[in-house]
Amino acid sequence: MLGALTAAGAASLAGCPLFSPGQDGTPTPVGAERSRRLATQFAPTVYFDRNEPWFPTDPRPYTSKRDGETIVTGFDAFDGYHDRFTGDQPPEPTVFYNAVEYQESPLAVVQFWFYSVFDQFTTNFHWHDWEVLHVFVDTDTDEPQLYVASSHSRKVPNNEFLDPDPETVPRILSELGSHSSALSLNDAEDEFERLSESGGLADITNSAIETIEDIAAIPFAYGLPRDEGSRLPYLVPEYEGAPLYDHPDLPSVERSDLIPQALTVRSLETLSGSLSGLPNRETGLVFDHADRESDADIEYDLVPTAEIEHITDFTGPQLSFEFAVPEFGEDAVSGHISTTGAPWGQPRYANPAADISEPNHRSALADRYDAIGDAAAVNTVVASVSEAVASVDAPEDEGVTTQTSEFEAVALLESDPEAVPTFGGVAAVRDVPAGDHRLTVNRAGAAPHSESVSVADDGRPTAAGVDGEIPLVARENARKIEIDPADADSELRRFAVEDDFGGRLYDAPLDGPDAAYVHRGGAYTTEVRDTDDAVGAARVNPDPDSDDPVRLADPNTGKASLATFVADIAAETQAQVAEIRDGDSDDDDDDSDGRENAIGGLAQALGAVVEAAERAAQRAEDGDRGNADRQLETVAARLERVSTKIAEASDDMPDPLSAAARNRLDQATRRTEQARDQSKL
């Protein structure tokens, strides 16, 4: 969880474009007078969370000299800002602007740069923070063409809006602590709407994700997690063994100057829990340009970035987590807890088109202006993230279902460790190189999900999970199923897990030892498939009272494996049916004899399946193909009789057991057909 969350902030610091598009034209600076006019015209109104500690300010009061160069150190800016922050008036409220235009093109861009002295977002914390809003303007019509509001990962598109209303002032919703910029163009000025809820405008025009039918309508963008219902835990950064606010070089900084305690986690144990009670976003201070008439709380100054380009660097030592994290944590993602550097060293500063992260938006501008290169093909890995819970339709501890999770998660491609947050339960990672990857999905209080994913180099989305769904399991309910291909008698290539009620929950390529976390209240069928496409299966019923992992012994493929599975699942069902029969034998009810006969007939039919399936497995293990196949024919015939007996006994069984028996019959029938069809014994 920590490893993925920390990586989520790393990419935003680099200022790299998400894609590798066609060649853009040459941008040149716009003259001072025109730059000022564009900046005044499109200066955004900015809404902050009521818990926000660090507002956009001017870094010049905190500059110093190092080797003849002007720099801003993290200690000077952080301490100086809070020394100046008295009462309700943030010090030096300032927004910087920079404007460029593309040669031989009527396209110009005015950038609004927001500097904050610190960033504290979940575990993404560092000295200094720069965020940007790009406004692409047609200078012939003086109308905006595209808004690009910066987010936190080049693996997720920025929050963008094509063809905004020229009469509407851009509005920015700043993410608490991290200052990632979400757009707000809908009728609710201080709320982010990924999809229009009132029939008006949504706040982004990013295209929807394709491949998964249930989520096809959700636009792909970073969004504003805490305004969309996400529960996000914040951590306190540490330096030299103590919380940052206790450092002697920060005498003006107190604990109350950081993200409030109500949103803060101070131990790994707490982070592993359900994190209930974390507050959602609420609007606090509103900033607007000083020359504009508005009801804003704070007026900011507009200052050209040319006045601060003499600052060569924004520095600060690497910070640490307050408590121990997994071994790979800090070093693997150290970039996110280091300073961001100066914007004028980033490609998007000179060429704002480098920050257009939505291919359809780039294509639209490329159609209008020769200065914008065509969009590149982009590979995407996508899945919806749900939660596995006990099914009310199943016998106790004998079945699960999936439902929408209350919490958002993070997704990490371990081959390229830049994690992305989910939005509306959707995990999507873009700009993925073709080839094999390992995708890990996690959230606070849940066991991790990890699987191999093969991505083709065709620019089409790759659905992870099962039919694009990845169900996570609450940690307190999670049980691990382990598999090692080295234990098999053939070369395995795939591993899957199904529940009697929840269906297939895990299905992924197998290239080494693997594991899947399942809910302790399920009844599972595991499936393996080898390089010759032979199939094997095994029955797994986790002990609800044990935390020990379940290791699949001899995960083999072939007729013997499948026949053994059919015998096991039939015997399991027979034992549960027999309990009902035995209970009826003590019943003096007039109808007890009829119920006992129906239940007894079902139990007897299941026992006959067990007997035939065990014989089929033994014949296969002995290498007797002919008799193994004949016994499998007998199994199939006896399963048909079980179907009849289930129908006769269904009114005399509890509904959950009746449903379980039908589901297991379907599973046993399918596995029997597989055993009959394949050649491997």
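The values are calculated or read from the model by the stated rules, or taken from the named source; none is laboratory data. All of these numbers come straight from a predicted model, not from anything done at the bench. Don't worry about glycine lacking a Cβ; one is built from the backbone with ideal geometry, like all the others, and counts go over all protein chains shown. Each accessible area value is taken on the protein alone, full model and side chains, heavy atoms only, with ligands, DNA and RNA left out. Shrake-Rupley method; radii C 1.70, N 1.55, O 1.52, S 1.80 Å.
The single condition among (1) on the phi > 0 side of the Ramachandran plot; (2) open to solvent by 10 Å² or more (accessible area, probe 1.4 Å) that GLY177 does not meet is (2).
Considering region 632-659, the residues that are of a type in the set (Gly, Ala, Ser) and under 20 Å from THR564 (Cβ atoms) include one that is surrounded by the fewest Cβ atoms within 10 Å (Cβ to Cβ), namely ALA637. Consider THR669 carefully, then state whether it is of a type in the set (Ser, Thr, Tyr), more than 39 Å from the chain's Cα centre (by Cα) and open to solvent by 20 Å² or more (accessible area, probe 1.4 Å). No: the conditions fail for THR669. The sole residue among THR94, THR70, THR63, THR86 that is hydroxyl-bearing (Ser, Thr, Tyr) and free of Cβ contacts under 8 Å to residues at least 12 places away in the same chain is THR86. Looking only at residues of region 467-487 that are at pLDDT below 95 and assigned to a loop (DSSP other than H, G, I, E, B), we find that the one that is farthest from the chain's Cα centre (by Cα) is ASP467.
Kindly indicate whether any position in region 370-384 is among the charged types (D, E, K, R) and crowded, with 16+ Cβ neighbours inside 10 Å. Before the answer, list the steps.
Step one: filter region 370-384 for residues among the charged types (D, E, K, R), giving 370, 374.
From the residues that got through so far, the ones that are crowded, with 16+ Cβ neighbours inside 10 Å too are none.
Looking through region 370-384, none of the residues is among the charged types (D, E, K, R) and crowded, with 16+ Cβ neighbours inside 10 Å.
Is it true that some residue in region 37-46 is part of a strand (DSSP E or B) and modelled with pLDDT of 60 or more? Yes, there is a match, as at least one residue in region 37-46 is part of a strand (DSSP E or B) and modelled with pLDDT of 60 or more.
Of the residues making up region 492-509, not a single one is over 23 Å from ALA388 (Cβ atoms), in contact (Cβ under 8 Å) with a residue 24 or more places away in the chain, among the charged types (D, E, K, R) and part of a loop (DSSP other than H, G, I, E, B).
Residues that are crowded, with 22+ Cβ neighbours inside 10 Å and over 13 Å from ARG664 (Cα atoms) within region 557-576 comprise THR557, GLY558, LYS559, ALA560, SER561, LEU562, ALA563, THR564, listed in sequence order. Among the residues of region 397-436 satisfying the criterion of being modelled with pLDDT of 85 or more and outside any strand (DSSP E or B), which is nearest to the chain's Cα centre (by Cα)? Top of the filtered list is VAL432.
Search region 122-154 for residues being at pLDDT below 85 and part of a loop (DSSP other than H, G, I, E, B), and hand back the single one that is most open to solvent (accessible area, probe 1.4 Å). First the steps, then the outcome.
Within region 122-154, the first condition is being at pLDDT below 85, and the residues that meet it are 122-125, 151-154.
Right, trim to part of a loop (DSSP other than H, G, I, E, B) and you get 122-123, 151-154.
Details: THR122: 3, THR123: 1, SER151: 9, HIS152: 6, SER153: 7, ARG154: 60 Å².
It comes out as ARG154.
In the set (1) modelled with pLDDT under 90; (2) small (Gly, Ala, Ser); (3) closer than 22 Å to VAL540 by Cα; (4) out of contact with any strand residue (DSSP E or B) (no Cβ under 6 Å at 6 or more places or on another chain), the condition left unmet by ALA523 is number (1).
One residue is enough: does region 98-107 have a residue meeting the conditions farther than 30 Å from ALA409 by Cβ and free of Cβ contacts under 8 Å to residues at least 40 places away in the same chain?
At the first step, the residues of region 98-107 found to be farther than 30 Å from ALA409 by Cβ are 98-107.
Filter again for free of Cβ contacts under 8 Å to residues at least 40 places away in the same chain, leaving none.
So far as region 98-107 goes, no, none of its residues is farther than 30 Å from ALA409 by Cβ and free of Cβ contacts under 8 Å to residues at least 40 places away in the same chain.
So, of the residues in region 356-369 that are of a type in the set (D, E, K, R) and open to solvent by 10 Å² or more (accessible area, probe 1.4 Å), which turns out to be nearest to the chain's Cα centre (by Cα)?
Just the residues of region 356-369 that are of a type in the set (D, E, K, R), to begin with: 358, 362, 367-368.
Subsequent filtering for residues that are open to solvent by 10 Å² or more (accessible area, probe 1.4 Å) retains 367-368.
Working: ASP367: 33, ARG368: 34 Å.
Here the answer is ASP367.
Please count how many residues of region 517-529 are assigned to a loop (DSSP other than H, G, I, E, B) and charged (D, E, K, R). First the steps, then the outcome.
If we filter region 517-529 for residues that are assigned to a loop (DSSP other than H, G, I, E, B), which is where we start, we get 520-523.
With the extra rule that they be charged (D, E, K, R), the set shrinks to 520.
So the answer is 1.
In region 530-556, how many residues are open to solvent by 50 Å² or more (accessible area, probe 1.4 Å) and either of a type in the set (Lys, Arg) or not in a loop (DSSP other than H, G, I, E, B) (or both)?
So in region 530-556, the residues open to solvent by 50 Å² or more (accessible area, probe 1.4 Å) come out as 531-533, 541, 543, 545, 547-549, 551, 553-554.
Add one more test, that the residue is either of a type in the set (Lys, Arg) or not in a loop (DSSP other than H, G, I, E, B) (or both), and what stays is 551.
The qualifying residues number 1.
Can you report the number of residues in region 209-237 which are at pLDDT 75 or above and either closer than 15 Å to ALA428 by Cβ or among the hydroxyl-bearing types (Ser, Thr, Tyr) (or both)? Don't jump to the end; show me each part of the working.
Step one: of region 209-237, the residues at pLDDT 75 or above are 218-228, 233-237.
Subsequent filtering for residues that are either closer than 15 Å to ALA428 by Cβ or among the hydroxyl-bearing types (Ser, Thr, Tyr) (or both) retains 218-223, 225, 228, 234.
Here the count works out to 9.
Criterion first (closer than 18 Å to GLY424 by Cα and surrounded by fewer than 22 Cβ atoms within 10 Å (Cβ to Cβ)) does LEU195 satisfy it? It would help to see each step written out before you state the result.
Values: closer than 18 Å to GLY424 by Cα: yes; surrounded by fewer than 22 Cβ atoms within 10 Å (Cβ to Cβ): yes.
Spelling it out, LEU195 is indeed closer than 18 Å to GLY424 by Cα and surrounded by fewer than 22 Cβ atoms within 10 Å (Cβ to Cβ).
Selection of first residues in region 208-236 that are within 18 Å of HIS179 (Cβ to Cβ) and part of a helix (DSSP H, G or I) and of second residues that are among the β-branched types (Val, Ile, Thr) and modelled with pLDDT of 75 or more, restricted to Cβ pairs under 9 Å at least 6 apart or on distinct chains, gives the following pairs, ordered by first then second residue: PRO225/THR422.
Check region 458-469 and report whether any residue there is touching a residue at least 40 places away in the same chain (Cβ under 8 Å), aliphatic (A, V, I, L, M), touching a Ser or Thr at 6+ places or on another chain (Cβ under 6 Å) and open to solvent by 40 Å² or more (accessible area, probe 1.4 Å).
So in region 458-469, the residues touching a residue at least 40 places away in the same chain (Cβ under 8 Å) come out as 458-469.
Remaining after also requiring aliphatic (A, V, I, L, M): 463-464, 466.
Subset that is touching a Ser or Thr at 6+ places or on another chain (Cβ under 6 Å): 463.
Next, only the ones that are open to solvent by 40 Å² or more (accessible area, probe 1.4 Å) stay: 463.
There is at least one residue in region 458-469 that is touching a residue at least 40 places away in the same chain (Cβ under 8 Å), aliphatic (A, V, I, L, M), touching a Ser or Thr at 6+ places or on another chain (Cβ under 6 Å) and open to solvent by 40 Å² or more (accessible area, probe 1.4 Å).
Beta carbons closer than 6 Å, at least 6 apart along the sequence or on distinct chains, pair a first residue in region 357-375 that is farther than 18 Å from GLN103 by Cα and free of Cβ contacts under 8 Å to residues at least 60 places away in the same chain with a second that is assigned to a loop (DSSP other than H, G, I, E, B) and open to solvent by less than 90 Å² (accessible area, probe 1.4 Å) for SER363/ALA375.
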